[in-house]
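The values are calculated or read from the model by the stated rules, or taken from the named source; none is laboratory data. Note that the structure is predicted; figures quoted are calculated from it, not measured. Note that each Cβ is placed from the backbone with ideal geometry, even for glycine, and that neighbours are counted across all protein chains shown. Ligands, DNA and RNA are stripped out before the accessible areas are found, and what is left, the full protein with its side chains, is counted by its heavy atoms. Shrake-Rupley method; radii C 1.70, N 1.55, O 1.52, S 1.80 Å.
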Amino acid sequence: PDSEFLLLGLGLAQLFGDDPQRAVATCRKILTMQPEFGPARLLLVVAFYMNGEHENCAKETAAAIARPGAPPYLYYLHAASLLKLGSKDHAALLRDLETANRAIPGCSFCYFTLSKVHQEMGDEAAAIADLETLVGRVDPEFSQGWYRLASLYQHAGKEEDGARALAKFRAIRSA
């Protein structure tokens, strides 16, 4: 019961066993014992995010990225949580996602979220470019990227591109 490593394993099992609330409690126990134990903090914010606790996730990630040496994935989670909370601080969201993208080559979720931020900003061309990079270079099998790209193409009047993207989405989903 006093091993932060065994508790971390328990927290992982709880999170991936579809019990993020218990994972949060386990991570909080670890952080009470070892406040600077980074893996527990990372697991905590992932559990918050997966549990839909975006406000808690945003608070924890903000505190963590304020310290030097924060894992880059925390920047992604910070931006994604703020976006889910309806943040209009697009500059901060873009900075977080840029930091994550630089440190995590091929971060599919970073490009996907970046596209959402650009769309929120009214820059559909950039939103499309983000998704084209995602499905063209980073992860051609990222089905939600194709689905979102189809929608943006349709909205931009690119009917043929939209139809091709939707067909690719359907092919990935049926496979």
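Within region 143-152, the set of residues being farther than 18 Å from residue 79 by Cβ and open to solvent by 20 Å² or more (accessible area, probe 1.4 Å) comprises 146, 147, 151.
Applying the condition of being touching a Leu at 6+ places or on another chain (Cβ under 8 Å) and open to solvent by 10 Å² or more (accessible area, probe 1.4 Å) to region 65-81 and asking which residue is modelled with the lowest pLDDT yields 71. Checked against (1) touching a Cys at 6+ places or on another chain (Cβ under 8 Å); (2) more than 27 Å from residue 41 (Cβ to Cβ), residue 97 passes all but condition (2). For first residues located in region 110-136 and open to solvent by 10 Å² or more (accessible area, probe 1.4 Å), partners that are in a loop (DSSP other than H, G, I, E, B) and charged (D, E, K, R) and lie 6+ apart or on another chain with Cβ distances below 7 Å do not occur. I'd like to check something: does region 87-99 contain any residue that is outside any loop (DSSP other than H, G, I, E, B), touching a residue at least 24 places away in the same chain (Cβ under 8 Å) and either open to solvent by 50 Å² or more (accessible area, probe 1.4 Å) or polar (S, T, N, Q) (or both)? Yes.
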